[in-house]
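Q: Mind having a look at this structure? Questions to follow.
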Amino acid sequence: MLAKTDADAVRAHNRRAVLDHLRRVRTASRKSISEATGLSVSAASAIANTLIKAGLLTEIEEDERLARRGRPGKGLQIAGPAAIVAAAKIAVGEVALRVSDYSGATLGETRSEHELAGWGEREIVGEIVALLRELGFHGGGCPLPRKIVVSVQGKTDSGLTKILWSPALKARDIAIAAPLSALTGADVSVFNDCSMMPEAFRWNEEFEALDFATLFMGFGVGMGLRLGGATFQGKRSSAVEFGHINHIPGGALCRCGNRGCIEAYAGDYAIWRRATGRPGEVPTRRISDAEMGRLADAARAGEPAPLAAFEEAGTAIGYGLGRIFTLIDPLPIVFTGSGADAMDLMEPAIRRGIFESSIDGFGKDMRFTLAEDVDALIFDAATAYALAALDETFARAGAETREAA
């Protein structure tokens, strides 16, 4: 016989399995949940009834065409009104916010443009709260988010509480989770935006059970890794610093202050300075997507300097991936950011770089995918993480109930 703690853990696991399945398929019958999760029909039905009673699931009438075959059944869906989550994004020049319900539906989205360089804890937390109020989700009797995930350009601590460093900010070690939680009542987590990106594919069947990586190319170069069913989290910080792997010792100057980093060849400022003949310059401003688009068009037209710049960027990315593939085996890659808009110019060099830097060219034919809207990807990732965290909380909270095992 299972001890009480073991039985409670089993029930929590089964609830998570039901919620997880419904997040993947959106609508399912009790029978299909049983088939997908391996639970007995009676267990799946008992868990569903418990989650309905808790307000986490809702019943809907099945499609009329299916109903004609027999007695109409009830489909199950995640109940949107059960909770609210918020995803905040801090980047160079802006703070943005998306609020979603428990089903993942977007309830509101807004952003504000600021020069953030001189900001600290008070300004960052105050702006996120102001954006929540703007959308009607803080103060005055309005609903409050249960979970807030803050994604930031730069490094964050492994405890998910503070910004260690960001190109958008001069200050270091900015603890924002505790004061933001105190003002909103929400549980708050702080992540590096690139490291968070694989969460956007958590419930995507195409990536289910796959190890894969997301690779951002834009103001910087960053990677997120999904390994063994979990998004990689470092012991000291949340960032996977792919962009700061050394590509050429003593090479081009990187924004981080070192020389020869992958980012010093593949970041948008690196491509811009190579294409425009400014080899030693590290611009503090963000190179606009429009400027990068013009450089890409010039390269496609055969202009030598822009063409060489994109080829060098692809080579740096390829050599970096080849080294990663040597360490942990080849992975499918999802590319995003302004640099991904020029994949037609860089992909041959990327694949050649993988071939030249990995054992026997292993991984040169790995599948590449493009995610065009990087802002949406960051919001989707942060929202998915927040919803999964609530699923875990709710699954454990009902441990006193006694569904069929």
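The values are calculated or read from the model by the stated rules, or taken from the named source; none is laboratory data. What you see is a predicted model; the values in this text were computed from it and never measured. Cβ placement follows ideal geometry from the backbone for every residue including glycine, while neighbour counts extend to all protein chains displayed. The area values use the complete protein model at the heavy-atom level, side chains included, leaving out ligands, DNA and RNA. Shrake-Rupley method; radii C 1.70, N 1.55, O 1.52, S 1.80 Å.
Q: Run the numbers on the chain and let me know its relative contact order in percent, using alpha-carbon pairs under 8 Å that are six or more apart. Spell out each step's value before the answer.
A: Numbers: 808 pairs, mean separation 60.4, N = 405.
The value is 15 percent.
Q: Sticking with this one: Going by Cα centres, segment 286-342 and segment 154-208 are how many Å apart?
A: With segment 286-342 and segment 154-208 each reduced to a Cα centre, they are spaced 26 Å.
Q: Right, here's the next one. Give me the accessible area per residue for the chain, probe 1.4 Å, as a whole number in Å².
A: Numbers: 18070 Å² over 405 residues.
Each residue of the chain exposes 45 Å² on average to a 1.4 Å probe.
Q: Per-residue counts of other Cβ atoms within 10 Å, averaged by peptide: what ranking do you get for 389-396, 312-319, highest first? Display every interim value, and only then the final one.
A: Values: 389-396: 17.8, 312-319: 25.8.
Packing order, densest peptide first, comes out as 312-319, 389-396.
Q: Span-like helices, the chain: DSSP H, alpha-carbon axial extent 20 Å or more, mean Kyte-Doolittle 1.0 or greater, which ones? Mind dumping the intermediate values first?
A: Working: long enough: 4-25 (32 Å, -0.91); 121-135 (22 Å, 0.48); 304-328 (36 Å, 0.82); 343-357 (21 Å, -0.07); 374-397 (34 Å, 0.86).
Within the chain not a single helix satisfies the rule.
Q: Let me ask something additional. Considering only DSSP beta bridges where both residues belong to the chain, give the percentage that are antiparallel (nearest 5). Before the final figure, lay out the partial values.
A: On the way: 37 of 57 bridges.
Here the antiparallel bridges make up roughly 65 percent for the chain.
Q: So, one more: Give the distance, in whole Å, between the Cα centre of segment 93-110 and the Cα centre of segment 21-51.
A: 29
Q: Based only on Cα atoms, what Rg/Rh ratio does segment 137-270 have, Rh being taken as Kirkwood's radius?
A: Numbers: Rg = 16.8 Å, Rh = 16.2 Å.
Result: Rg/Rh = 1.04.
Q: Follow-up. If the cut-off is a Cα-Cα distance under 25 Å, which lysines reach LYS89, setting aside same-chain residues fewer than 8 apart in sequence?
A: Output for LYS89: LYS147, LYS155, LYS162, LYS170, LYS235.
Q: Treat segment 273-334 as a sphere of radius equal to its Kirkwood radius over Cα pairs and apply Stokes-Einstein at 25 °C in a medium of 0.890 mPa s; give the translational diffusion coefficient in µm²/s, rounded to a whole number. Could the numbers behind the result be given before it?
A: Working: Rh = 13.4 Å.
For these conditions, the coefficient is 183 µm²/s.
Q: If you don't mind, there's one more thing I want to ask. Report the gain in length on full extension from LYS74 to ARG396: 0.36 nm times residue separation, minus Cα-Cα distance, nm rounded to one decimal. List each step's numbers first, then the result.
A: Values: separation 322, 0.36 × 322 = 115.92 nm, distance 2.57 nm.
Answer, rounded to one decimal: 113.4 nm.
Q: Report the rotationally averaged projected area of segment 13-64 based on its alpha-carbon convex hull, in square nanometres.
A: 3.5
Q: Explain nothing, just the number: dipole magnitude of the chain about its Cα centre with +1 on each Lys and Arg Cβ and -1 on each Asp and Glu Cβ, in debye rounded to the nearest 20. Display every interim value, and only then the final one.
A: Details: 46 positive and 52 negative charges, 192 e Å.
The dipole magnitude comes to about 920 debye.
Q: Follow-up question, since we're still on this one. Enumerate the aspartates and glutamates that LYS53 could reach by cross-link, defined here as Cα to Cα under 19 Å, with residues fewer than 8 away along the same chain left out.
A: ASP8, ASP20, GLU61, ASP101, ASP391, GLU392, GLU400, GLU403
Q: Moving on. What is the percent carbon and sulfur in the accessible area of the chain, measuring with a 1.4 Å probe over the protein chains and ignoring ligands? Each step should come with its number before you reach the end.
A: Numbers: 9390 of 18070 Å².
The nonpolar share, carbon plus sulfur, comes to 52 percent.
Q: Give me P(r) over the chain, computed from all C-alpha to C-alpha distances, binned every 10 Å, as integer percentages.
A: Reading upward from the zero bin: 5, 21, 27, 23, 15, 7, 2, 0.
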